[in-house]
């Protein structure tokens, strides 16, 4: 699914420094109604802030990235309109009167620094450069200046966006000021639609395949924009077809909390580095029907087999009621004690579908409308819906990643180390699992470890005859999981030996045989 089509005239030319009025006029004259709505809402927030605070009391945090570049030009247009538009300013001013803050980090890309200073010169920005710790530098700046509000280019989905509104006081422990977020509800698509429609300059890194720019230590070009595997060339950022994968160019650090590993190229080759690690996962089913015995849960056992096939150890499978508090309590417990949690059931539009709300509660965040997910619902349910799709597209705020695959009509949902499956039967689970594994091969989602292998043997010996020797075998092979079961009370005993080393399994079976008379056990497939 492509985000939007780019007119040739937009892609081929970027103006050096469009005037205040040109920004506003470009948006008014474009045929993108969604962008016009986003623009109008952002301008309203800016004008509201400029009405509440004097120009000396506001500042703008600029970091050279695409989001803050959008905000710069929104502020220029917003200030122009706030002052009366063309009648007052004739659409042009030599100076940008809002104080600009730039934190110059030693780990920043040179291109970011160059673009920032070039932009400051082009628009006569009154720029304050902070070279200390950002918090300490900000404290000093606010102490010496009457700044009461700071415009930020924060968007929902950013790590810092959790819990923020368009006007939000600064966090505890920080100097007191009002955070003003005019583009909080903008998507990746909206950002690029604005930049290209207004034909403004942006950092050159975005034309080299970078889609989300952090430091030189944690940012690489987005592999999804690679022109070919044999070359080191990438398409520009605005051609990324799925805005949810904007941060796929951020290198992941090793984290046992989410089962991810270091990546030298977007995680593409990192999965083989730690195949012998043991990672644990728990499985949660949500459904009163299972607890009341109305339906039999088939997804849990199937999911366990699939997880074992990629080397993950399932620590627990549990079923909880269709109740927000029950879901939240279980998710909170499992996510902190396991590397990953899978949850299914209770996902949908009915009154009993409480899983998303429960997951949000477990992480201490709220449910908020997700614009990208709303687009999927529009294509999937269309006019069949009698309600507001925006209200239906409520996802845990700030922690949600949508896992899109062409074979899925609706993406999978990942909230940090919790993956939410919408499957209701085995065929749907099979499709979602296959898509998840395919995505894992291109984006660092699940660690693909050495799979578990097993051997099974059967015997007609009685429990009392095998109990003590079997206990000794377990002590001799503590790295193996050795279990016993019978298909019927009078049927033969079946022993299952599970581990990751085939030779250890062979050794354990041979050791078992030596404890009994020849022919006491028979290996089965």
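The values are calculated or read from the model by the stated rules, or taken from the named source; none is laboratory data. Note that the structure is predicted; figures quoted are calculated from it, not measured. Methodologically, a virtual Cβ is constructed for each residue, glycine included, from the backbone with ideal geometry; neighbour enumeration extends over all protein chains shown.
Conditions tested, residue by residue: (1) more than 44 Å from the chain's Cα centre (by Cα); (2) at pLDDT 90 or above; (3) loosely packed, with under 11 Cβ neighbours inside 10 Å; (4) not assigned by TED's automatic domain parsing to the domain that holds residue 339.
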residue	(1), (2), (3), (4)
458	yes, yes, no, yes
461	yes, yes, no, yes
475	no, no, yes, yes
497	no, yes, no, yes
506	no, yes, no, yes
509	yes, yes, no, yes
515	yes, yes, no, yes
520	yes, yes, no, yes
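Mind counting the residues in the stretch 481-495 that are closer than 16 Å to residue 470 by Cβ, outside any strand (DSSP E or B) and within 47 Å of the chain's Cα centre (by Cα)?
The qualifying residues number 1.
Working carefully through the options 279, 245, 299, find the one that is closer than 17 Å to residue 440 by Cα and either at pLDDT 90 or above or surrounded by fewer than 22 Cβ atoms within 10 Å (Cβ to Cβ) (or both).
The unique qualifying residue is 279.
In the stretch 300-352, which residues are on the phi > 0 side of the Ramachandran plot and touching a strand residue (DSSP E or B) at 6+ places or on another chain (Cβ under 7 Å)? Step through it out loud before you land on a result.
Here is the first cut: in the stretch 300-352, the ones on the phi > 0 side of the Ramachandran plot are 311, 345-346, 348.
Selection gives 345, 346.
Would you mind telling me which numbered condition in (1) in contact (Cβ under 8 Å) with a residue 60 or more places away in the chain; (2) surrounded by fewer than 16 Cβ atoms within 10 Å (Cβ to Cβ); (3) under 32 Å from the mean Cα position of the chain (by Cα) residue 443 fails?
For residue 443, the exception is condition (2).
When you go through (1) at pLDDT below 85; (2) part of a helix (DSSP H, G or I); (3) in contact with a strand residue (DSSP E or B) (Cβ under 7 Å, 6 or more places away or on another chain) one by one for residue 447, which number turns out not to apply?
For residue 447, the failing item is (2).
In this structure, does residue 127 turn out to be in the same structural domain as residue 41 (by TED's automatic domain parsing), more than 14 Å from residue 65 (Cα to Cα) and surrounded by 15 or more Cβ atoms within 10 Å (Cβ to Cβ)?
Yes.
Considering (1) at pLDDT 90 or above; (2) assigned to a loop (DSSP other than H, G, I, E, B), say which one residue 420 fails and leave the rest.
Residue 420 satisfies every listed condition except (2).
Taking residue 113, is it out of contact with any helix residue (DSSP H, G or I) (no Cβ under 9 Å at 6 or more places or on another chain), farther than 22 Å from residue 53 by Cα and modelled with pLDDT of 90 or more? If you could, list the steps in order and put the result at the bottom.
Numbers: out of contact with any helix residue (DSSP H, G or I) (no Cβ under 9 Å at 6 or more places or on another chain): yes; farther than 22 Å from residue 53 by Cα: yes; modelled with pLDDT of 90 or more: yes.
Against the criterion (out of contact with any helix residue (DSSP H, G or I) (no Cβ under 9 Å at 6 or more places or on another chain), farther than 22 Å from residue 53 by Cα and modelled with pLDDT of 90 or more), residue 113 qualifies.
Return the residues of the stretch 120-155 that are under 30 Å from residue 400 (Cα atoms) and touching a helix residue (DSSP H, G or I) at 6+ places or on another chain (Cβ under 8 Å); say none if nothing qualifies.
149, 151, 152, 153, 154, 155
Can you name the number of the only condition in (1) assigned to a loop (DSSP other than H, G, I, E, B); (2) surrounded by fewer than 17 Cβ atoms within 10 Å (Cβ to Cβ) that residue 183 fails?
Tallying (1) assigned to a loop (DSSP other than H, G, I, E, B); (2) surrounded by fewer than 17 Cβ atoms within 10 Å (Cβ to Cβ), residue 183 fails exactly one: (2).
Residue under question is residue 41, and the condition is that it be surrounded by fewer than 17 Cβ atoms within 10 Å (Cβ to Cβ) and not in a helix (DSSP H, G or I); does it hold?
For residue 41, the condition - surrounded by fewer than 17 Cβ atoms within 10 Å (Cβ to Cβ) and not in a helix (DSSP H, G or I) - is not met.
Check whether at least one residue in the stretch 212-224 is outside the structural domain of residue 240 (by TED's automatic domain parsing) and surrounded by fewer than 21 Cβ atoms within 10 Å (Cβ to Cβ), and report yes or no.
The first filter runs over the stretch 212-224 and keeps only residues outside the structural domain of residue 240 (by TED's automatic domain parsing), leaving none.
No: zero hits.
Are any residues in the stretch 97-126 without any contact (Cβ under 8 Å) to a residue 40 or more places away in the chain, in a loop (DSSP other than H, G, I, E, B) and touching a strand residue (DSSP E or B) at 6+ places or on another chain (Cβ under 7 Å), and if so, which ones?
Result: 104, 124.
I'd like the full set of residues that are closer than 25 Å to residue 122 by Cα and either outside any loop (DSSP other than H, G, I, E, B) or touching a strand residue (DSSP E or B) at 6+ places or on another chain (Cβ under 8 Å) (or both), limited to the stretch 210-238.
210, 212, 213, 214, 237, 238 - these are the residues of the stretch 210-238 that are closer than 25 Å to residue 122 by Cα and either outside any loop (DSSP other than H, G, I, E, B) or touching a strand residue (DSSP E or B) at 6+ places or on another chain (Cβ under 8 Å) (or both).
Do we have any residue at all in the stretch 150-163 that's assigned by TED's automatic domain parsing to the domain that holds residue 73 and free of Cβ contacts under 8 Å to residues at least 40 places away in the same chain? First the steps, then the outcome.
The initial filter retains those residues of the stretch 150-163 that are assigned by TED's automatic domain parsing to the domain that holds residue 73, namely 150-163.
Narrowing further to those that are free of Cβ contacts under 8 Å to residues at least 40 places away in the same chain: 160.
Yes, some residue in the stretch 150-163 is assigned by TED's automatic domain parsing to the domain that holds residue 73 and free of Cβ contacts under 8 Å to residues at least 40 places away in the same chain.
Condition (residue is farther than 30 Å from residue 413 by Cβ, modelled with pLDDT under 90 and assigned to a helix (DSSP H, G or I)) applied to the stretch 435-444: is it met by at least one residue?
Looking through the stretch 435-444, none of the residues is farther than 30 Å from residue 413 by Cβ, modelled with pLDDT under 90 and assigned to a helix (DSSP H, G or I).
Please state which one of 167, 177 is modelled with pLDDT of 90 or more and within 25 Å of the chain's Cα centre (by Cα).
After applying the criteria, what remains is 167.
Run residue 333 past the list (1) surrounded by fewer than 16 Cβ atoms within 10 Å (Cβ to Cβ); (2) more than 18 Å from the chain's Cα centre (by Cα); (3) free of Cβ contacts under 8 Å to residues at least 12 places away in the same chain and report the number of the one that doesn't hold.
(1)
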